[in-house]
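See below for the structure under consideration.
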Amino acid sequence: MTTKLYWEDAHLTRFTARVTDAWLRGAHRIVELDQSAFYPTGGGQPSDTGSMNSARVMDVEITDDGRILHRLDSDISFAIGDEVSCEIDWDRRREMIQQHTGQHVLSQAFFRLFGAETKGFRITDRSTEIDLTLEAQPDEIDNAIARAEELANAVVFDNREIRVHNVTPEGAAALPLRKESFVADCVRVIEIADFDWSPCGGTHAKRTGEVGLIAVRSWERAKKMTRVHFLCGARALNDYRRVSRTADAIARKFSSGMDEVESSVTRLFEENKRLQRRARELAQIAAIVEAHELIEGAEPAEGLRIISRVFEDRDIEELNLLAHRLVDGENVVALLAMKENLTARLVFARSANLSADMSALMRAACERLGGRGGGKPDFAHGGGTNVSELDQVLEMSRATVSAGQPRS
Ligand SMILES: [Zn+2]
């Protein structure tokens, strides 16, 4: 078994050790040492990284029988008994100490205030999560989280001492432990002065002030529990900077202070909704006027007016609207088209007093356009990719309609 230096001192970053075993796993050398300050992945916390002589330590794992395996980025060879110099990446270790110690504090805050137990814990690249037995309505959970966050940060600001106790299982049973203690020869208990006792094998701060800040970002229901996402220390600072930058950039766009941003955005949304409503009303009016002009400009043949046109810069909704207004009156056939990227889109419609089958007409048109279409006898949609054929297709459709479709 490797001696766990990270248990003796979580702030130790440089150490020497002797190689007790080494072998290749793929292109990576796996090294076992007689002692190690590298924290191996476990207990919801990712492993440390760092260096061993000239090699990078990419990750570290612990086996069921307590062997700590260091995976290197190279196949550099070691002999058993070699002395190696190791260094832990301190920035990463400190980040983990902050998240992990913050979790002890926050979990106890939820337990003390609401009796909510922590059933799961993990540090991810983005945040830290705890799964709590906290049942309540959403607004009550918001309120509970705010209160727990306040208590947790008060404990951080107190800068309380954090002590590590190695006790026997019997000794552990006499302590006011937050979590159920586990069976082991020796139980490692982390005490946060006058606040929390918790068995744990992780890396912790010396005092709560080292955690820096505990900031809850969000929560969700997961596995019938309340999952709380939070950030501590340097991560909380980075998040604060990011959020501030975003809020500041938005405030500048509104030429307002950060405190007025929310009401400015709300106003903008309401204004946007009102404008969209107004735009729809005006589009209706514009379609009526345009339909009227198109009908007036079309030469009637045997009482029938065929409006055939290809539009640029229209969307399909506008085309539909115009087609409907064109065929509101009697004896009109509308053969409308638009180009969208590399496809042509068609809308065919006819007045209710006519009997030409727009659906059949559309299918024939789309076949030539290399696409598909159909619809009802009086209103049909379609399209295709042979955009160069569009003018001929409309001409063909016009000819079919004027070739004596029976009219009532
Ligand atoms: Zn811990």
* To do: Give the residue, chosen from Gln99, Gln108, that is closer than 20 Å to Trp7 by Cα, within 15 Å of the ligand (Cβ to nearest atom), of a type outside the set (Asp, Glu) and not in a strand (DSSP E or B).
  => Gln99
* To do: State all residues of region 328-372 that are open to solvent by less than 20 Å² (accessible area, probe 1.4 Å), part of a loop (DSSP other than H, G, I, E, B) and under 21 Å from Glu293 (Cβ atoms); if no residue qualifies, say none.
  => Ser351
* Filter region 226-251 down to residues that are in contact (Cβ under 8 Å) with a residue 60 or more places away in the chain, in a helix (DSSP H, G or I) and more than 16 Å from the ligand (Cβ to nearest atom) and give me whichever is most open to solvent (accessible area, probe 1.4 Å). => Ala234
* Which of (1) over 26 Å from the mean Cα position of the chain (by Cα); (2) touching a residue at least 24 places away in the same chain (Cβ under 8 Å); (3) open to solvent by 30 Å² or more (accessible area, probe 1.4 Å) is the odd one out, the single condition Thr133 does not satisfy? -> (1)
* Structure fact -> Here the residues within region 2-25 that are within 34 Å of the chain's Cα centre (by Cα) and open to solvent by 60 Å² or more (accessible area, probe 1.4 Å) are none
* Flag if Asp82 is free of Cβ contacts under 8 Å to residues at least 24 places away in the same chain and farther than 22 Å from Glu149 by Cβ -> no
* Determine whether Ile62 is in contact (Cβ under 8 Å) with a residue 24 or more places away in the chain and either buried (at least 16 other Cβ atoms within 10 Å of the Cβ) or away from the ligand (no atom under 15 Å from the Cβ) (or both). => no
* Asked: If you check Lys206, Lys223, which single one turns out to be away from the ligand (no atom under 16 Å from the Cβ) and of a type in the set (D, E, K, R)?
  -> Lys223
* Structure fact -> Scanning region 172-189 residue by residue, those within 12 Å of the ligand (Cβ to nearest atom) and either under 23 Å from Arg147 (Cβ atoms) or at pLDDT 95 or above (or both) turn out to be Arg178, Lys179
* Structure fact -> Residues of region 28-47 being in a loop (DSSP other than H, G, I, E, B), touching a residue at least 40 places away in the same chain (Cβ under 8 Å) and under 24 Å from Gly81 (Cβ atoms), in sequence order, are Ala37, Phe38
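The values are calculated or read from the model by the stated rules, or taken from the named source; none is laboratory data. Computed from a prediction, not measured in an experiment: that's the story for all the values here. We place every Cβ from the backbone using ideal geometry, glycine too, and count neighbours over all the protein chains shown. Accessible surface areas use protein heavy atoms only, side chains included; no ligands, DNA or RNA. Shrake-Rupley method; radii C 1.70, N 1.55, O 1.52, S 1.80 Å.
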